[in-house]
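The values are calculated or read from the model by the stated rules, or taken from the named source; none is laboratory data. All values reported here derive from a predicted model rather than from experimental measurement. Cβ placement follows ideal geometry from the backbone for every residue including glycine, while neighbour counts extend to all protein chains displayed. Ligands, DNA and RNA are excluded from the accessible area calculation, which covers all protein heavy atoms including side chains. Shrake-Rupley method; radii C 1.70, N 1.55, O 1.52, S 1.80 Å.
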Amino acid sequence: MQLDLGSDPHTDILRRLQAALIERFGRIVRPPEKRRDPVWVLVHGVIGAQTKTAASNASTDSLIAAYGTWEAVAAAPVSDLEARLQRQTFPTVAAKRLKQCLTTIIEQRGSVDLRHLSNLETAEAMAWLEMLPGVARKNSAGVMNASTFNRRAMVIDGHHRRIMQRMGIVSPKADTAKTYDALMPIVPEDWSAADMDEHHLLLKKLGQTFCRPRAALCEECPAAPDCETARKSP
């Protein structure tokens, strides 16, 4: 007979955290019509390093509007792409990475098309994406979760990682990939892809308002009851 050992305590923490964040910030739900094509989400991630989401949204939209197809974007000179990516924090890096990424997809698939990933398990699809230039765990999870693929994959940005470290859920030195690997097994089984998307967006909001990189407002933070850092703060 197998004993029921109950849920992981960290799973319970995530449930309480989600409820507390919704109570504080309200729901942050991405409507189905706002889910973008997987290639759009990939491009957004490749060019978006340390750039505000709104700026990367505008840059990604302007690229496809200007060139018409992602194949045409791949064929454009890096200097032209750089000129169109001036909203980005690092336009030169963004332009080079984007061209390399799109060119690699064309070499692998014949065109800039990610539909084949729908036939793969999520982990396998993410591994394929992470072989592309400029694509790391945050990007691959984003393509799986925030696009029309709508898969159960936790997107983890700097805010999310910092909060999980401060709460003691992951190691203080865990990078994005290690944070993802630690979190996925403890995510509540009944959470849908949309729930995981909302969790990420709520944690991003928390990191921008209370659990800031410096001068964290622990006394006012809705995550404080389950946070190791908050318990140690004077």
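The table that follows gives values for the structure above.
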| quantity | calculated |
| --- | --- |
| Simple spin-label estimate for W128 and I186 in nanometres, 7 Å along Cα-Cβ | 3.2 |
| Placed amide H near R36: partners under 5 Å, 5+ positions off or other chain | T148 |
| F25-A65 FRET efficiency (beta carbon distance; Förster radius 41 Å; 0.05 resolution) | 0.80 |
| Förster radius 45 Å - calculated FRET efficiency between S7 and A75, Cβ distance, rounded to 0.05 | 0.30 |
| Candidates D113, D157, D80, ranked by Gaussian network fluctuation over the chain, Cα under 10 Å, top entry | D80 |
| Rounded accessible area of S118 (nearest 10 Å², 1.4 Å probe) | 60 |
| Charge sum, other residues only, whose C-beta stays under 14 Å from A127's C-beta, Lys/Arg counted +1 and Asp/Glu -1 | -2 |
| Two-site label geometry, N57 and L120: point separation in nm, points 7 Å out along Cα→Cβ | 2.9 |
| Difference of contour (0.36 nm per residue) and Cα-Cα distance, R212 to T92 | 40.3 nm |
| Accessible-area value, H44, 1.4 Å probe, nucleic acids and ligands omitted, Å² | 40 |
| Lys/Arg +1, Asp/Glu -1 at C-beta; the stretch 13-105 dipole; positive extreme among T103, V29, A49 | V29 |
| FRET E, pair R109, E33, Förster distance 45 Å, beta-carbon r, rounded to 0.05 | 0.95 |
| Computed lengthening from N150 to Q50, 0.36 nm per intervening residue step minus Cα-Cα distance | 33.6 nm |
| For the stretch 137-231, alpha-carbon Rg relative to the globular expectation (2.2 N^0.38 Å, N residues) | 1.05 |
| Mean Cβ neighbour count within 10 Å, used as a protection proxy, ranking 180-189, 98-107 highest first | 98-107, 180-189 |
| Solvent-accessible area of C221 with every protein chain in place, 1.4 Å probe, in Å² to the nearest 10 | 20 |
| About the Cα centre, charge dipole magnitude for the chain (Lys/Arg +1, Asp/Glu -1 at Cβ), debye | 820 |
| Positive-pole candidate from P38, T92, S59, dipole of the chain, charges at beta carbon | T92 |
| Most to least accessible of T176, T92 (protein chains only, probe 1.4 Å) | T92, T176 |
| Between helix 91-109 and the chain: long-axis angle, C-alpha atoms, 0 to 90°, nearest 10 | 80 |
| Degrees, to the nearest 10: 53-67 long Cα axis against longest axis of the chain | 20 |
| Residue order for K178, K52 - accessible surface, 1.4 angstrom probe, largest first | K52, K178 |
